[in-house]
Amino acid sequence: MVSFITRMPYGIPGDVTRQSESTIEAQAMNASLPFTRYGIPGKIASSKFVPLAGGEVAADVYGILVRPFPITGANASDPLGTSVPPVGGVGDVLKRGYINVKVNAGVAALNGVVYIRVANGTTGQPIGGIEAAADGANTIVLTGARFMGAADANGNAEIAYNI
């Protein structure tokens, strides 16, 4: 039996939290530029959905990579397929809706601004990662996104995107 003392965890980054409120579209992905995890924004380059590489501006963001259900593309480093997207193929992209994300820095709060790291990435704060605090020219605002509350114990939070 599991007891939750404060609240249940939000879930897994990339999970769409309110299906009926979401617009998701399929996009071809570039096998040469794979995503490292779900729940991060991407852009269109050469007609393919690819992760941010650094130096982007807010207008470059096309959507957020959605974790499919049931999960496909599991591999040896991620046997349940919870965080490592398949390389290439077709991916689901959230254009509007609510999604779980991993908050890499800052303290998420209800109606808080959502930032994306676009420069000076580190292991804990990678390029393309979601943050809850501005870091000068290293982050940009994810236009149309707001946190829906605080992050859980694992650093996962829900955001509303283009709602």
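Local charge sum around residue 120 (other residues, Cβ-Cβ under 15 Å, Lys/Arg +1, Asp/Glu -1)? Please list the in-between numbers first.
Details: positive: 117; negative: 56, 131, 135.
Counting the neighbours of residue 120, the net charge comes to -2.
Taking the Cα centre of region 19-161 as the origin, how large is its charge dipole in debye, to the nearest 20, when only Lys and Arg (+1) and Asp and Glu (-1) carry charge on their Cβ atoms? Can you show the working numbers first?
On the way: 9 positive and 10 negative charges, 29 e Å.
About 140 debye.
Counting Lys +1, Arg +1, Asp -1, Glu -1, what net charge surrounds residue 55 among other residues with beta carbon under 15 Å of its beta carbon?
Numbers: positive: 43, 117; negative: 56, 60, 135.
With Lys, Arg at +1 and Asp, Glu at -1, the net is -1.
No value in this document is a laboratory result; all are computed from the given coordinates. These figures come from a predicted structure and were not determined experimentally. Positions of Cβ are backbone-derived with ideal geometry, glycine not excepted, and every protein chain shown enters the neighbour counts.
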